[in-house]
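Only one structure is covered here, and it is reproduced in the block below.
The values are calculated or read from the model by the stated rules, or taken from the named source; none is laboratory data. Keep in mind that this is a model prediction, so the values were computed, not measured. Neighbour counts are summed over all protein chains in view; Cβ atoms, including those assigned to glycine, are modelled from backbone coordinates with ideal geometry.
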Amino acid sequence: MKEQEQAYQTQGLQQDLVLDIRDLHIAFGSNVVLNGFDLQLHKGECKVVLGRSGSGKSVLIKCVIGLLKPDSGSINMLGHDILAMDSDDLDKMRVRIGFLFQGNALYDSMTVRENLEFPMRRHHIDLADQSADERVMEALENVGLEHTVDMMPAELSGGMKKRIALARTLILKPDIILYDEPTSGLDPVTSREIAHLITEVQEKYKTSSIVISHDMGCVQTVADRIAVLLDGKCCAEGTYDELAKSDIKEVREFFE
Ligand SMILES: Nc1ncnc2c1ncn2[C@@H]1O[C@H](COP(=O)(O)OP(=O)(O)O)[C@@H](O)[C@H]1O
Ligand SMILES: [Mg+2]
């Protein structure tokens, strides 16, 4: 355990900790996916969760946003016990959490503008028309795609769709953003652009982020710290340079 975390615990100070996952367990039948996983995220930090395909990274994120119920363990987010919340409270909580799905989850039959307005409608956030429009344009400006506002998702490239999905995540100005494999399926140049965009957003809005990835270029660009998910546990935690020299062979292999 890091010294800083120990200090928070002894002093009972939790305000700097925006996400605290302890001893998470979840199995699907005999398939044990998370087996005592721990993760802490501090305010303003970008933490990468690194793990092989099928290691349980998406399952972890789904537990955090309440789409899957773990068998045991605790998840405290922004001072609230996520696992004790009913669906109404979870819904309110989700306004503060941005989630970038692996497949973007844009609505094909809606324009970019309508896609971006959707979270505001979904959460009944009533903004004057002009202010809603300003938010849409600000979100698009952040991802450099103002000119696509009236386009349909089918008219956009993979990288542009990812940017629009990120803009939609930003529209509610979340405290925490969870990114599930933000560069998967993108070419190397576009992947680099998306990684830089994640860092820009992080700095501009002072968000705290979890990025799930095994794209090491992206990891190196975005990560303040990295947690490695192996056999259902966090087997190592540290900076990119620290983990590249890890004693654990399975950890080192990601960096080779
Ligand atoms: N809803 C589900 N029901 C049953 N098994 C699931 C479910 N979701 C994920 N799994 C299983 O959990 C494991 C981890 O999946 P996942 O978290 O998607 O991996 P990844 O690290 O690639 O994101 C896989 O073995 C997968 O088959
Ligand atoms: Mg996944």
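If only residues of region 162-186 that are farther than 20 Å from Leu140 by Cβ and within 16 Å of ligand 2 (Cβ to nearest atom) are counted, the one that is surrounded by the fewest Cβ atoms within 10 Å (Cβ to Cβ) is Gly185.
Over 16 Å from the mean Cα position of the chain (by Cα) and surrounded by 18 or more Cβ atoms within 10 Å (Cβ to Cβ) - does that describe any residue in region 86-97? Within region 86-97, not a single residue is over 16 Å from the mean Cα position of the chain (by Cα) and surrounded by 18 or more Cβ atoms within 10 Å (Cβ to Cβ). Entry remark, region 147-177: residues being over 17 Å from Glu117 (Cβ atoms), under 21 Å from the mean Cα position of the chain (by Cα) and either without any contact (Cβ under 8 Å) to a residue 12 or more places away in the chain or in a loop (DSSP other than H, G, I, E, B) (or both) number 1 in total.
Does region 187-200 contain any residue that is over 18 Å from Asn104 (Cβ atoms), modelled with pLDDT under 95, more than 16 Å from ligand 2 (Cβ to nearest atom) and in a loop (DSSP other than H, G, I, E, B)? Checked region 187-200: no residue is over 18 Å from Asn104 (Cβ atoms), modelled with pLDDT under 95, more than 16 Å from ligand 2 (Cβ to nearest atom) and in a loop (DSSP other than H, G, I, E, B).
Being among the aliphatic types (A, V, I, L, M) and either without any contact (Cβ under 8 Å) to a residue 40 or more places away in the chain or within 16 Å of ligand 2 (Cβ to nearest atom) (or both) holds for only one residue in Ile61, Ile75, and it is Ile61. Being within 14 Å of ligand 1 (Cβ to nearest atom), closer than 19 Å to Ala165 by Cα and not in a loop (DSSP other than H, G, I, E, B) is a condition met by at least one residue of region 62-83. What about Val49, is it modelled with pLDDT of 95 or more, within 16 Å of ligand 2 (Cβ to nearest atom) and either part of a strand (DSSP E or B) or in contact with an Asp or Glu (Cβ under 7 Å, 6 or more places away or on another chain) (or both)? Yes, satisfied.
The set of residues in region 88-146 being assigned to a loop (DSSP other than H, G, I, E, B), farther than 25 Å from Lys62 by Cα and at pLDDT 85 or above consists of Ser109, Met110, Thr111, Val143, Gly144, Leu145.
Residue-by-condition table, conditions (1) among the aliphatic types (A, V, I, L, M); (2) within 16 Å of ligand 2 (Cβ to nearest atom); (3) over 30 Å from Phe254 (Cα atoms); (4) crowded, with 16+ Cβ neighbours inside 10 Å:
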position: Leu41; (1), (2), (3), (4): yes, no, no, yes
position: Glu45; (1), (2), (3), (4): no, no, no, yes
position: Ser55; (1), (2), (3), (4): no, yes, no, yes
position: His124; (1), (2), (3), (4): no, no, yes, no
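Based on this model, can you work out whether Ser72 counts as loosely packed, with under 14 Cβ neighbours inside 10 Å, out of contact with any Leu (no Cβ under 8 Å at 6 or more places or on another chain) and among the polar types (S, T, N, Q)? Lay out the reasoning, then the answer.
Details: loosely packed, with under 14 Cβ neighbours inside 10 Å: yes; out of contact with any Leu (no Cβ under 8 Å at 6 or more places or on another chain): no; among the polar types (S, T, N, Q): yes.
When the stated conditions are applied, Ser72 does not pass them.
For region 201-244, a residue qualifies if it is away from ligand 1 (no atom under 16 Å from the Cβ), at pLDDT 95 or above and assigned to a loop (DSSP other than H, G, I, E, B), and the qualifying residues are Ala223, Asp224, Thr239. Scanning region 27-53 for residues that are more than 16 Å from ligand 1 (Cβ to nearest atom) and of a type outside the set (D, E, K, R) yields Gln40, Leu41, His42, Gly44, Cys46.
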